[in-house]
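Some notes on the structure that comes next.
Taken together, the values in this text are just the output of simple stated rules run on the coordinates, not laboratory data. What you see is a predicted model, and the numbers here were worked out from it, not measured in a lab. Note that each Cβ is placed from the backbone with ideal geometry, even for glycine, and that neighbours are counted across all protein chains shown.
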Amino acid sequence: MLDVLKRKKTDEPLTKATAVQKMFDSIAGQYDLMNKVMTLGQDQRWRRFVVAKAGDARQGRVLDLATGTGDIAALYKLSFPAATVVGGDFAQNMLAEARRRFCCRDISWQACDANFLPFADGVFEAVTFGYLLRNVDDAPAVLAEVYRVLKKGGRLVCLDTTPPSRNILYPFIRAYLRWGIPLMGRLIASDKAAYAYLTGSTMDFYKAEELEEAFRQAGFEKVGFKRFMMGTIAVHWGKK
């Protein structure tokens, strides 16, 4: 079996994090519009699924990592108002956009690196994130950090892209990812290169089954996943 606890591509430069940080800072202003267009308006439905899978933390603490412009964090706070919600990201422009959009929500927005979380062991009832793992150098290390900050019984829920299955729709999906989304990135966000990277990282990322195994190897139990959008999106979950 593939050892999914090793980096998917061993020749990736260790400067990837810096490049990704700059990329997300550059597209922060158009990020939400592009998400709606790229996903054909389905992105909020996936986020609601993430929040539902994370469950009610009651008066506990919840971390939305790689919070971006804050949608999952805000949706969680709206769904479960008693919880203390932290939205963390290493892209400062993304955090600024999150603060602007949800200035009236009682959410703590915090700059942090997913590889070295600035939190004590076992403090969160749940950790969520969207589109994080395909943008880091070492996904297993991030999963280990998340495991560390979760309480026993705490839940991890991950929304990310996944390579599409090679079925009859594969050529059309691949064409949309390879040419359609970069074209939209150029027209809407004036940044074709950023969205070419985002679609390329989808094809190079773990398959849904491989990421499920990575969750298990990181120590999570009751692991599962569900695919969306013709198999190009997957939500994974697990319990400490």
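Within the set K77/K151; K77/K207; K53/K77; K152/K207, which residue pairs have Cα atoms separated by over 23 Å?
Where the Cα-Cα span goes over 23 Å, the pairs concerned are K77/K207; K152/K207.
Compute from the Cα atoms of segment 59-120 the Rg and the Dmax, the latter being the longest Cα-Cα distance, and quote both in angstrom.
10.7, 29
Sticking with the crude label model, points 7 Å out along Cα→Cβ, report the distance from A52 to T84 in nm, one decimal please.
Placing both labels 7 Å beyond Cα along the Cβ direction yields 2.9 nm.
For segment 201-240 and segment 104-118, what is the separation of their C-alpha centers, rounded to whole Å?
About 23 Å separates the Cα centre of segment 201-240 from the one of segment 104-118.
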